[in-house]
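Student: Got a structure for you, written out below as structure tokens; questions coming shortly.
Readers should treat all values here as calculations from the given coordinates under stated rules, not as data from a laboratory. Fair warning: this is a prediction, and the values are worked out from it, not measured in the lab. With ideal geometry, Cβ positions are generated from the backbone for all residues, glycine too; neighbour counts draw on all protein chains shown.
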Amino acid sequence: MSIFVDWGDADETIWICRFSGNWTANEFMTALNSTKTACADRKYLVDILADMRNSQTTPQNLLALLRIGTQFSYDHPGLIVVITSSDFWKRIHDLIIHTFFGSKPTGIHFISTVDDAYYFLDITQEQRQQAEHAQ
């Protein structure tokens, strides 16, 4: 399998999808379904980290797959952070939301390094906890 999915922290608040080499539409759908299941079983928000740095493929039905992934982002209340050193994935994302979703903003953020992604998630989760305690 070219898409690895698992928890990214001991508290199970971050779910990682690591894309590597050539991946297929079936692998994408399997990873997405695993992600939905993992997030649905929690009583708290789960943030998703999609590491695209080693992805070397664009399946023929890429736009359809990413449209499905974008729809998931609207349904998923947590953050989705995509790690990529290329602007390819951001441009495709922007095209999809403009074409299919009327430019409605998503909870997807594009960040270039793993350290920056985890820092962004740490700050967001800390702010979430502070807001919960203030209520």
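Student: Regarding the stretch 6-18, can at least one residue be identified that is surrounded by 15 or more Cβ atoms within 10 Å (Cβ to Cβ), under 19 Å from Lys90 (Cβ atoms), more than 15 Å from the chain's Cα centre (by Cα) and not β-branched (Val, Ile, Thr)?
Tutor: There is no residue in the stretch 6-18 that is surrounded by 15 or more Cβ atoms within 10 Å (Cβ to Cβ), under 19 Å from Lys90 (Cβ atoms), more than 15 Å from the chain's Cα centre (by Cα) and not β-branched (Val, Ile, Thr).
Student: Further, regarding this structure: Could you tell me whether any residue of the stretch 41-63 is of a type in the set (Gly, Ala, Ser), without any contact (Cβ under 8 Å) to a residue 24 or more places away in the chain and farther than 19 Å from Ile123 by Cβ?
Tutor: Residues of the stretch 41-63 of a type in the set (Gly, Ala, Ser): 50, 55.
Adding the requirement that they be without any contact (Cβ under 8 Å) to a residue 24 or more places away in the chain leaves none.
Scanning the stretch 41-63, I find no residue that is of a type in the set (Gly, Ala, Ser), without any contact (Cβ under 8 Å) to a residue 24 or more places away in the chain and farther than 19 Å from Ile123 by Cβ, so the answer is no.
Student: Can we say Gly102 is within 13 Å of the chain's Cα centre (by Cα) and either in a loop (DSSP other than H, G, I, E, B) or among the acidic types (Asp, Glu) (or both)?
Tutor: Values: within 13 Å of the chain's Cα centre (by Cα): no; either in a loop (DSSP other than H, G, I, E, B) or among the acidic types (Asp, Glu) (or both): yes.
Considered against the rule, which asks whether it is within 13 Å of the chain's Cα centre (by Cα) and either in a loop (DSSP other than H, G, I, E, B) or among the acidic types (Asp, Glu) (or both), Gly102 comes out as no.
Student: So which residues in the stretch 4-45 are closer than 17 Å to Val114 by Cα and either of a type in the set (D, E, K, R) or touching a helix residue (DSSP H, G or I) at 6+ places or on another chain (Cβ under 7 Å) (or both), if there are any at all?
Tutor: Of everything in the stretch 4-45, those that are closer than 17 Å to Val114 by Cα and either of a type in the set (D, E, K, R) or touching a helix residue (DSSP H, G or I) at 6+ places or on another chain (Cβ under 7 Å) (or both) turn out to be Val5, Asp6, Asp9, Thr13, Ile14, Trp15, Cys17, Arg18.
Student: Something else: Could you count how many residues in the stretch 114-128 are surrounded by 11 or more Cβ atoms within 10 Å (Cβ to Cβ), farther than 14 Å from Ile83 by Cα and not polar (S, T, N, Q)?
Tutor: First, the residues of the stretch 114-128 that are surrounded by 11 or more Cβ atoms within 10 Å (Cβ to Cβ): 114, 116-122, 124-125, 128.
With the extra rule that they be farther than 14 Å from Ile83 by Cα, the set shrinks to 122, 124-125, 128.
From the residues that got through so far, the ones that are not polar (S, T, N, Q) too are 122, 128.
Qualifying residue count, the stretch 114-128: 2.
Student: Sort through Ile97, Ile111 and tell me the only one that's buried (at least 17 other Cβ atoms within 10 Å of the Cβ), touching a Lys or Arg at 6+ places or on another chain (Cβ under 9 Å) and of a type outside the set (Ser, Thr, Tyr). Explain how you work it out, then say what you get.
Tutor: On the way: Ile111 fails: touching a Lys or Arg at 6+ places or on another chain (Cβ under 9 Å).
Answer to the selection: Ile97.
Student: For the stretch 67-80, check the following and say yes or no: at least one residue is in a strand (DSSP E or B), closer than 21 Å to Pro105 by Cβ and touching a residue at least 12 places away in the same chain (Cβ under 8 Å).
Tutor: yes
Student: Val82: out of contact with any Leu (no Cβ under 6 Å at 6 or more places or on another chain), within 20 Å of Glu132 (Cα to Cα) and not aromatic (Phe, Trp, Tyr), yes or no?
Tutor: Values: out of contact with any Leu (no Cβ under 6 Å at 6 or more places or on another chain): yes; within 20 Å of Glu132 (Cα to Cα): no; not aromatic (Phe, Trp, Tyr): yes.
It is false that Val82 is out of contact with any Leu (no Cβ under 6 Å at 6 or more places or on another chain), within 20 Å of Glu132 (Cα to Cα) and not aromatic (Phe, Trp, Tyr).
Student: A further question follows. Output the residues belonging to the stretch 49-71 that are surrounded by fewer than 17 Cβ atoms within 10 Å (Cβ to Cβ) and closer than 11 Å to Leu32 by Cβ.
Tutor: Passing the criteria: Ile68, Gln71.
Student: Next up: Return the residue satisfying two criteria in turn: it lies in the stretch 85-110 and is touching a residue at least 24 places away in the same chain (Cβ under 8 Å), in contact with a Leu (Cβ under 9 Å, 6 or more places away or on another chain) and of a type in the set (Val, Ile, Thr), and of such residues it is farthest from Asp51 (Cα to Cα).
Tutor: This residue is Ile96.
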